[in-house]
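Asks: The structure under discussion is supplied below as structure tokens; questions concerning it will follow.
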Amino acid sequence: MQNEVPYRIESVDNALRLILLLRDRSRVGVAEAARELGVAPSTAHRLLQMLRFHGFAVQDPTRAYRPGPVFADLGLAGRPGRDLRSVVRPHLEALCAELQETVHLVVLQGTAARFVDGAEATHGLRVGSRAGMSLPAHSTSGGKVLLAQLSPAELTALYPRGLPATYGPAVADLAALRRQLTAARRLGYAVNREESERGIIGVGVCLRDSAGRVRGALAVGMPTARCPNSRVPSVARALHAAADAVRAGLDET
């Protein structure tokens with residue numbers, strides 16, 4: 001039995017209890033979290049959103065919360081060896097070999113696209129791995145395709161003061177971003193044309209498990225010199241094929 005602490009910071013205590021709940025149950029709804037903590041649903045929602053912002057949780061299309069990428073980073077995953085990164089890694093390597101381009105696994109972390117893992121191409125002229133980095137979601141292909149899965153209200157809540165300034169020609173206002181996200185939903189993929197780095201084009205598709213829950217994105221980064229617009233659809237098809245191949249494995253994470 002654990003010793004009772006002499007005093008508790010209630011919000012910290014509740015956040016830590018939620019982290020343990022996510023670890024043990026793998027999927028937690030707002031009402032369930034509120035019951036477990038003995039707090040109002042609005043309080044549970046705010047706590048879960050904060051965990052989501054810091055990468056401890058991700059939200060699926062049913063609005064339930066699942067363990068986020070930080071669980072894998074810290075070794076907190078409930079099934080050792082079956083975290084998101086380990087399931088996707090072989091498919092990243094296969095896709096990298098097929099396309100001869102650098103491929104990443106990306107998750108949405110607040111307004112940032114977090115590059116969880118990457119397989120780097122071997123060309124002299126190539127996009128380097130960004131594994132471990134975070135970039136503004138609205139300026140990356142993986143980030144955009146994940147933003148496209150949010151509802152209009154969720155997108156507005158994510159950017160209450162509009163879009164942050166970024167390098168280069170990235171969209172500068174929320175209305176323009178909404179148009180890009182509409183196009184991404186229609187096409188089934190998102191494109192970043194030199195919006196995060198000069199001379200780089202990216203293509204990203206959504207990664208879902210067999211229940212349709214969003215688990216992240218697969219994104220390819222290529223030098224613009226090797227990717228005319230005519231190549232983009234074939235790259236997107238290869239990404240979709242890889243996403244289909246990894247789908248069943250995601251049910252085990």
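Asks: Kindly indicate whether any position in the range 198-210 is surrounded by 13 or more Cβ atoms within 10 Å (Cβ to Cβ), within 20 Å of the chain's Cα centre (by Cα) and over 24 Å from E101 (Cα atoms).
Replies: Taking every residue of the range 198-210 in turn, at least one turns out to be surrounded by 13 or more Cβ atoms within 10 Å (Cβ to Cβ), within 20 Å of the chain's Cα centre (by Cα) and over 24 Å from E101 (Cα atoms).
Asks: Oh, and also: Hey, does the range 19-41 have a residue that's modelled with pLDDT of 85 or more, of a type in the set (A, V, I, L, M, F, W, C) and within 19 Å of S134 (Cα to Cα)?
Replies: No.
Asks: Does V171 qualify as being part of a loop (DSSP other than H, G, I, E, B), crowded, with 17+ Cβ neighbours inside 10 Å, of a type in the set (V, I, T) and under 20 Å from the mean Cα position of the chain (by Cα)?
Replies: Values: part of a loop (DSSP other than H, G, I, E, B): yes; crowded, with 17+ Cβ neighbours inside 10 Å: yes; of a type in the set (V, I, T): yes; under 20 Å from the mean Cα position of the chain (by Cα): yes.
Considered against the rule, which asks whether it is part of a loop (DSSP other than H, G, I, E, B), crowded, with 17+ Cβ neighbours inside 10 Å, of a type in the set (V, I, T) and under 20 Å from the mean Cα position of the chain (by Cα), V171 comes out as yes.
Asks: Answer yes or no: is there a residue in the range 104-119 that is part of a loop (DSSP other than H, G, I, E, B), modelled with pLDDT of 85 or more and aliphatic (A, V, I, L, M).
Replies: Here is the first cut: in the range 104-119, the residues part of a loop (DSSP other than H, G, I, E, B) are 110-111.
Narrowing further to those that are modelled with pLDDT of 85 or more: 111.
Those left that are additionally aliphatic (A, V, I, L, M): none.
No, because not a single residue in the range 104-119 is part of a loop (DSSP other than H, G, I, E, B), modelled with pLDDT of 85 or more and aliphatic (A, V, I, L, M).
Asks: Have a look at A131, A137 and point out the one that is within 17 Å of the chain's Cα centre (by Cα) and surrounded by 24 or more Cβ atoms within 10 Å (Cβ to Cβ). Full working, then the answer.
Replies: Values: A131 fails: surrounded by 24 or more Cβ atoms within 10 Å (Cβ to Cβ).
The unique qualifying residue is A137.
Asks: Say whether the condition of being basic (K, R), out of contact with any Ser or Thr (no Cβ under 7 Å at 6 or more places or on another chain) and part of a loop (DSSP other than H, G, I, E, B) is met by at least one residue in the range 151-161. I'd like the intermediate steps shown before the answer.
Replies: The first filter runs over the range 151-161 and keeps only residues basic (K, R), leaving 161.
Next, only the ones that are out of contact with any Ser or Thr (no Cβ under 7 Å at 6 or more places or on another chain) stay: 161.
After this cut, where a residue has to be part of a loop (DSSP other than H, G, I, E, B) as well, the list is 161.
Yes, that holds for at least one residue.
Asks: Also: Count, please, the residues in the range 233-248 that happen to be of a type in the set (G, A, S) and under 17 Å from the mean Cα position of the chain (by Cα). Lay out the reasoning, then the answer.
Replies: Within the range 233-248, the first condition is being of a type in the set (G, A, S), and the residues that meet it are 234, 236, 238, 241-243, 245, 248.
Now restrict to residues that are under 17 Å from the mean Cα position of the chain (by Cα): 242-243.
Total satisfying the criteria: 2.
Asks: Identify, please: which residue in the range 49-70 is at pLDDT below 80 and surrounded by fewer than 22 Cβ atoms within 10 Å (Cβ to Cβ) and is, among those, farthest from A112 (Cα to Cα)?
Replies: T62
Asks: List the pairs whose first member sits in the range 141-167 and is assigned by TED's automatic domain parsing to the domain that holds R52 and modelled with pLDDT of 90 or more, whose second member is surrounded by fewer than 16 Cβ atoms within 10 Å (Cβ to Cβ) and of a type in the set (K, R), and whose Cβ atoms are under 6 Å apart, counting only residues at least 6 apart or on separate chains?
Replies: If the second residue must be surrounded by fewer than 16 Cβ atoms within 10 Å (Cβ to Cβ) and of a type in the set (K, R), no pairs are left.
Asks: So, T224, is that one without any contact (Cβ under 8 Å) to a residue 60 or more places away in the chain, more than 18 Å from the chain's Cα centre (by Cα) and under 30 Å from V87 (Cα atoms) or not?
Replies: Working: without any contact (Cβ under 8 Å) to a residue 60 or more places away in the chain: yes; more than 18 Å from the chain's Cα centre (by Cα): yes; under 30 Å from V87 (Cα atoms): yes.
For T224, the condition - without any contact (Cβ under 8 Å) to a residue 60 or more places away in the chain, more than 18 Å from the chain's Cα centre (by Cα) and under 30 Å from V87 (Cα atoms) - is met.
Asks: So which residues in the range 100-113 are farther than 18 Å from L163 by Cβ and crowded, with 21+ Cβ neighbours inside 10 Å, if there are any at all?
Replies: Keep residues of the range 100-113 that are farther than 18 Å from L163 by Cβ, which gives 100-107.
Matches in the range 100-113: E101, T102, V103, H104, L105, V106, V107.
Asks: Something else: With G118, G110 as the choices, which residue is closer than 20 Å to E194 by Cβ and touching a His at 6+ places or on another chain (Cβ under 9 Å)?
Replies: Details: G110 fails: closer than 20 Å to E194 by Cβ.
None of the others qualify; the one that does is G118.
The values are calculated or read from the model by the stated rules, or taken from the named source; none is laboratory data. Bear in mind the structure is a predicted one, so any value in this text is a computation, not a measurement. Backbone-built Cβ (ideal geometry, glycine too); neighbour counts: all protein chains shown.
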